[in-house]
1. So, by mean Cβ neighbours within 10 angstrom, what's the order for 15-22, 62-69 with the highest one leading?
2. For the ranges 93-104, 170-181, what's the packing order if you count other beta-carbon atoms within 10 Å of each residue, average per peptide, and put the highest first?
3. What figure in square angstrom, to the nearest 10, would you give for the accessible area of MET159 with a 1.4 Å probe?
4. Simple spin-label model, 7 Å along Cα-to-Cβ: GLN192 to ASP70 in nm?
5. Tell me the mean residue ellipticity at 222 nm calculated for the chain from its helices only (DSSP H runs of n ≥ 4, each -39500 (n - 2.57), averaged over every residue, nearest 500).
6. Calculate the FRET efficiency for SER89 and ARG16 from the Cβ-Cβ distance with a Förster distance of 45 Å, rounded to the nearest 0.05.
7. Near LYS130, which aspartates and glutamates are there with a Cα under 13 Å away, not counting those fewer than 8 places off in the same chain?
8. For a distance above 27 Å, tell me the whole-number percent of Cα pairs in the chain that qualify.
Amino acid sequence: MREKGRYPVAEKKEYRNAVRSRRMIREAFVALLHEKPFEKITATDIINRSGLNRSTFYAHYPDAKGILEDFIGEIITLFRQMLAELDFSRFLNDPEPNLKKVVAFLEENQELYRLLGQSDMSLIYLEQLKKVLIQQVLETPNLPTGGLSPISVDIRIRMLLSGIIDAYREWLAGEIDYTLEEMTSEVASIIQNWSRK
């Protein structure tokens, strides 16, 4: 029986090779995103750029879409982890602290998020992020409602957060030419003004 944490040499080498191959495939994919839209990137492009053979590529991914899904799945996981740390009970009255954490999240891999955000397919995944965020806010205990009816709070939160996410998506896609700090300051101001009404 093998001791915990110990692997035969062949197994270790196989694992290291798999990790290395995935890294090379992902790096080739990101390099190609700098040159052309996601929709025009083929498996052959990635194979040629990575220098790996076809069977190695297909051992890890079915196609370019599989790589994009891999990246976006990781982003959604990180986004969920970040949301779990935010205090939404004060979000409407004092949005700045939470928004600064969102900015830090975006800045960490800003170039990659911008590249991925330019793909039409990324819209599908942004909808998932939007649903996660809306659900998180609506389920917050002690959410300040300002005496509004439950339906009014529900609809307003959905409209507000959908607008915010769409604005950040447009910023990531390069459609809005403000700095991230300018965007975030304006979003915080809109949230505060909305919550006072």
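1. Details: 15-22: 12.4, 62-69: 17.5.
Descending mean neighbour count gives 62-69, 15-22.
2. Numbers: 93-104: 15.7, 170-181: 13.3.
The most tightly packed comes first, giving 93-104, 170-181.
3. 140
4. The modelled label-to-label distance comes out at 4.4 nm.
5. After summing the helix terms and dividing by residue count, I get -23000 deg cm²/dmol.
6. On the way: r = 46 Å, r/R0 = 1.02.
Efficiency, from the Cβ-Cβ distance: 0.45.
7. Once the sequence-local aspartates and glutamates are set aside, what remains near LYS130 is ASP166.
8. On the way: 8402 of 19306 pairs.
Here the tail beyond 27 Å accounts for 44 percent of pairs.
The values are calculated or read from the model by the stated rules, or taken from the named source; none is laboratory data. As the structure is a prediction and not an experimental result, all values here were calculated from the model. Note: ideal-geometry Cβ built from the backbone for every residue, glycine included; neighbour counts use all protein chains shown. Surface accessibility is based on the protein's heavy atoms, side chains included, excluding ligands, DNA and RNA. Shrake-Rupley method; radii C 1.70, N 1.55, O 1.52, S 1.80 Å.
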